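The structure under discussion appears below in the form of structure tokens.
The values are calculated or read from the model by the stated rules, or taken from the named source; none is laboratory data. Since the model is a prediction, treat every value here as computed from it, not as a measurement. As a convention, Cβ positions derive from the backbone with ideal geometry for all residues, glycine included, and neighbour counts pool all protein chains shown. Accessible surface is based on the protein model in full, side chains and every heavy atom, while ligands, DNA and RNA are left aside. Shrake-Rupley method; radii C 1.70, N 1.55, O 1.52, S 1.80 Å.
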Amino acid sequence: MVDYLNLAKTYQTPLYVYDLAHITDKFCAIKDAFRARKSLICYALKANSNLSIIHHLATLGSGADCVSIGEVKRALKAGIPKYKIIFSGVGKSDSEIAQAIESDILFLNVESEAELKRIEHLAQSAKKPARISVRVNPNIDPKTHPYISTGLHENKFGVDIEQAKSMYIFAKNSPHLEAVGIHFHIGSQLTELEPLKQAAQKIAELAHSLLALKIDLKFFDVGGGIGIRYSDESLIDPYQYAQAILGALYGLDLTIICEPGRFLVGESGVLLTSVLYEKHNGKKRFVIVDAAMNDLMRPALYNATHKIECVYRASQDTKESLCDVVGPICESSDFLAKDISLPPLCAGDVLMIKNAGAYGMSMASNYNTRLKPAEVAHIGGDVRLIKHRESIEDLIKDEALLLQEHRSKGAQ
């Protein structure tokens, strides 16, 4: 049993806390679901890019799905082998592409014809063939929040099937490109299996036609996106998920790549926050806490729901009433929950915001010159600080040069 109150006292709040054993369980669940076939689970670093979490997954055999060269470097530093690293993303710069080719990672997921030609040019300059996979947009509605939908033609991601075919033929005819995989990803926080099944079947049909053209594919990358329960969502069972993918791949001897992020780390993390005070505007009750939208962006960005529980409170009054839990930032969108039922709270009480392990710290900012929180991880009773609380000195150390120059001139 984790003593969250002691963690809050020891490391102060706001504070992210992660359960590494839970991450292990989730990784094993998705890996075991694909045990009947060759598979590679590539953790999506965008969900939570703390080096200690990536390293923990590396020890379990995980690969990495990266969307910047910075994430590629994080993966390598944390111990992910280069042959298990994928570089995805719509807007890769020439510098990023060149570094990825030089790093000799598994492959780059290509998002457009223009990007494919840039990769070819840079591979030619490097005198090193670039392994690629094309991200195909199957035009399937993922039934999720529009901001995290990625598989429709109205989304910026991937290319349609006809474009994909021409790109694979281009790659086959280029001595500087090696097409080794095919990829799709229709969205995040998916709670229905049918869209995934439809997408897999569409892309599997394309893979069959490419193999008939003697394009030697080796990997079938199904992306990630399996949802977790924030409130009352239905969940996709990992076994049923795998069966849907395997059914679509009938007759294809390809290694399956799966890119879970939220599924692995989302439920492992909580954000601890302390109550500053309560405030009433007429009949409206606000609980003001020391965490804010810069610490956990999801409620403000997606109107996302996170359950909130009391870790400690001084009052013995158990009568609950509706309230908004809000932070100190000067924006009306700075809320962590709206219209939830909580008992009376006062300064020093501690709340837990649940299922905050994904897209919490990785989306944190310094808006209002707020300092990013510390992060701790625990496993088997062992608690470790895995990122210290940011200081004002950390935040401004790269901004002081011009100020120092002016001060030096003034002293003269």
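Taking only protein heavy atoms into account and a 1.4 Å probe, give the accessible area per residue of the chain in Å².
Here the per-residue accessible area is 45 Å².
Relative to the first principal axis of the alpha-carbon coordinates of the chain, what is the inclination of helix 20-33, with its axis defined by its Cα atoms, in degrees from 0 to 90 and to the nearest 10?
Here the helix axis deviates by roughly 30 degrees.
When only DSSP loop residues count, what trypsin sites (Lys or Arg not before Pro) in segment 244-338 have their Cβ near at most 15 other Cβ atoms within 10 Å?
Filter output for segment 244-338: Lys283, Lys307, Lys319.
Taking the Cα centre of segment 36-264 as the origin, how large is its charge dipole in debye, to the nearest 20, when only Lys and Arg (+1) and Asp and Glu (-1) carry charge on their Cβ atoms?
For this selection, approximately 660 debye.
Of (i) 21.9, 65; (ii) 25.1, 84; (iii) 23.4, 79, which one was derived for Rg and Dmax of the Cα atoms in Å from the structure shown?
So the structure-derived entry is (iii).
Could you check what % of the DSSP bridge pairs in segment 36-264 are antiparallel, to the nearest 5?
Percentage antiparallel, nearest 5: 5.
Heavy atoms of the protein only, probe of 1.4 Å, neighbouring chains included. What is the accessible area of Ile161 in Å², nearest 10?
Approximately 50 Å² for this residue.
With +1 assigned to the C-beta of every Lys and Arg and -1 to the C-beta of every Asp and Glu, and no other charges, what is the dipole magnitude of the chain about the Cα centre in debye, to the nearest 20?
Dipole of the chain, to the nearest 20 debye: 540 debye.
Give the long-range amide H neighbours of Ile386: residues separated by 5 or more places, or on another chain, with amide H under 5 Å away, using H modelled in the peptide plane at 1.01 Å from N.
Glu375, Val376, Ala377
Could you give the length gained on full extension between Ala347 and Leu385, defined as 0.36 nm per residue of separation minus the Cα-Cα distance, in nm?
Taking 0.36 nm per residue and subtracting the Cα distance, the gain is 11.1 nm.
What shape does segment 36-264 have by the C-alpha gyration tensor, where a ≥ b ≥ c are the square roots of the eigenvalues, rounded means a/c under 1.5, and otherwise prolate means a/b greater than b/c and oblate the rest?
Here segment 36-264 falls in the oblate category.
Can you list the HN-Hα couplings for segment 384-398, worked out from phi with the Karplus curve (6.51, -1.76, 1.60; θ = phi - 60°), rounded to whole Hz and with x for Gly and Pro?
Each residue's phi maps through the Karplus curve to give 10, 6, 10, 7, 6, 5, 5, 10, 5, 5, 4, 6, 9, 4, 9 Hz.
Rounded to a whole number, what % of the accessible area of the chain do carbon and sulfur atoms account for, probe 1.4 Å?
Looking at the chain in its full context, I get 51 percent from C and S.
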